[in-house]
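One structure is given below, encoded as structure tokens.
Computed from the coordinates by the stated procedures, all read-outs in this text should not be read as laboratory data. None of the values given here were measured: they were computed from a predicted structure. Here the Cβ positions follow ideal geometry from the backbone for every residue, glycine too, while neighbour counts run over all protein chains shown.
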Amino acid sequence: MKIADTSGQDVAIERGRSLRTPLLGGAVLFALLALAWIAVPVVERWANATVTVPADRLRIAQVDRGTLVRDVSVQGRVVAAVRPTLYAPAAGTITLAVNAGVAVEKGQILARIDSPELTSELDQARSTLEQQTVELERQRIESRQQRLEKQKEADLANVRLVAANREKRRADAANAVGVIAVLDFEKAQDDLRNAELAHQHAVADANLFAERIAFELRAAELALARQKLRVDELQRQVDGLVIQSPVSGVVGDLLVEQKAAVARDTPVMAVVDLSQFEVEALVPESYADDLAPGISAEIVAGNSRYSATVVAVSPEIIGNQVSSRLRFSDGMPPNIRQNQQLTTRILLQELDGVLMLARGQFLDSGAGRIAYVLDGNGLAERRSIELGARSLGAVQVVSGLSEGDRVIISSIDQFRGAEIVQITD
């Protein structure tokens with residue numbers, strides 16, 4: 001017996017259309033269009049790239065903003081800061097008391113010069129000084145005697161004046177009572193007048209004589225003082241015949257032979273002060289306008305850097321170079337020697353907050369006006385740029401690049417002037 005199933009009772013339900021399929025298709029289509037919009041320019045640029053260069057052959061640096069120190073680095077030579085050269089103060093025969101390379105102390109005798117001419121001149125000056133001293137004393141004695149004579153004449157004239165006054169009073173009294181002749185009365189008046197004139201002239205003569213004597217004595221005293229100065233100067237020159245070391249240090253080269261006849265101002269020897277050293281640096285003349293005393297610098301000795309200051313700049317250019325002197329600011333390196341070669345770095349200018357890029361061969365191959373900037377898609381685009389100040393490690397970017405740009409800083413000769421270069425891994 002067959003049992004009937006319920007299939008006959010089933011009702012077929014019509015399946016509705018789903019919305020997921022159209023939405024998914026639209027999203028895929030939009031993504032493909034966006035990818036095409038992005039990829040097409042890139043593909044076009046790839047297609048326009050005429051040069052392909054492996055990335056491992058390139059040096060790349062990023063444009064940053066910071067402080068750029070414009071500087072120049074040159075080799076310097078250690079020289080003694082104090083190296084006085086001693087000269088012969090007079091002509092004569094020199095006797096050296098030291099040899100080259102000997103350590104000496106300040107004030108130590110280094111040489112003597114025998115100068116008979118200078119010694120004789122000093123003796124003559126001393127003799128003249130003694131003669132003038134005696135002559136001045138003689139003038140002083142004579143002047144006192146002559147002033148005494150003049151004073152005596154003035155005193156006698158005064159006595160005669162007093163007597164004439166007395167006679168005049170007597171004549172006046174006699175004339176009042178009429179007991180004196182007219183001639184005698186007039187003679188008394190004349191005698192008084194003569195006595196007054198004689199006294200006036202005697203006093204004036206004594207005063208004038210005193211002034212003249214004082215002037216002559218003053219002139220003699222000045223001549224004596226001048227002669228004393230001459231003796232002192234000659235004595236100083238004679239004392240200078242003994243040449244002493246002006247500093248503590250080491251005797252450098254001897255410039256004359258033992259017992260040699262030397263002329264005045266002949267170089268004799270040099271003394272080197274080993275306690276103070278400076279560095280002499282020859283800087284290319286292109287930096288001459290930027291060099292000036294007071295500029296900061298660095299000196300590299302071994303693995304250490306020492307602060308320094310430019311203390312002197314030569315006013316002339318020799319061999320396309322300018323000589324400058326650098327002095328240590330905060331102590332010197334230990335165990336440095338004269339003529340030792342050290343690396344120097346002179347800080348010419350400091351610029352804050354500027355765009356800067358690391359130095360590279362692109363500066364030479366592109367003349368500092370062309371750079372290739374990476375776009376992040378394996379391509380490098382050629383740009384015109386303008387650069388400013390340059391340091392040993394970086395250059396200032398004036399225009400053409402922005403902060404964060406990645407730039408090829410190796411040689412760009414291999415790009416052959418292409419506008420777009422493809423960079424491969």
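In table form, for the structure just shown:
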item: GNM result for the chain, Cα springs below 10 Å: residue of ILE409, ILE299, ILE213 fluctuating most strongly; result: ILE213
item: Exposed-loop-free span, longest in the chain, where GluC sites (Glu not before Pro) count as exposed if DSSP calls them loop and at most 10 other C-beta atoms lie within 10 Å; result: 258-425
item: Pairwise FRET efficiency - ASP239 versus VAL51, Cβ, R0 = 56 Å, nearest 0.05; result: 0.10
item: MRE, 222 nm, helices only [DSSP H, n ≥ 4, -39500 (n - 2.57), over the chain, to nearest 500]; result: -13500 deg cm²/dmol
item: FRET efficiency estimate (nearest 0.05) - Cβ-Cβ, ALA312 to SER127, R0 35 angstrom; result: 0.10
item: Of all DSSP beta bridges in segment 261-398, antiparallel share, percent nearest 5; result: 100 percent
item: In segment 313-347, the trypsin sites (Lys or Arg not before Pro) that fall in loop regions by DSSP, at most 16 other Cβ within 10 Å; result: ARG337
item: Proximal lysine pairs, the chain, alpha carbons under 27 Å, eight or more residues apart or interchain; result: 5
item: Rounded FRET efficiency, nearest 0.05, which uses the C-beta distance separating ASP205 from VAL179 and R0 of 35 Å; result: 0.35
item: Directionally averaged shadow of segment 116-237, computed from the convex hull of its alpha-carbon atoms, nm²; result: 8.7 nm²
item: 0 to 90° range, to nearest 10: angle between helix 20-48 axis and the chain longest Cα axis; result: 50 degrees
item: Cα long-axis angle, helix 116-177 against the chain (0 to 90 degrees, to the nearest 10); result: 50 degrees
item: Estimated translational D of the chain in µm²/s (Stokes, Kirkwood radius over Cα pairs; 10 °C; 1.306 mPa s); result: 46 µm²/s
item: Segment 59-126, Rg to Rh (Cα coordinates; Rh as Kirkwood inverse mean 1/r); result: 1.47
item: Cα-centre dipole for the chain with unit charges at Cβ (Lys and Arg positive, Asp and Glu negative), debye to 20; result: 700 debye
item: Degrees separating the helix 182-239 axis from the principal Cα axis of the chain, which is the longest one; result: 40 degrees
item: Segment 116-237, relative contact order in percent, only Cα pairs under 8 angstrom and at least six apart counted; result: 47 percent
item: Mean separation of Cα contacts under 8 Å, 6 or more apart, over the residue count of the chain: relative contact order %; result: 29 percent
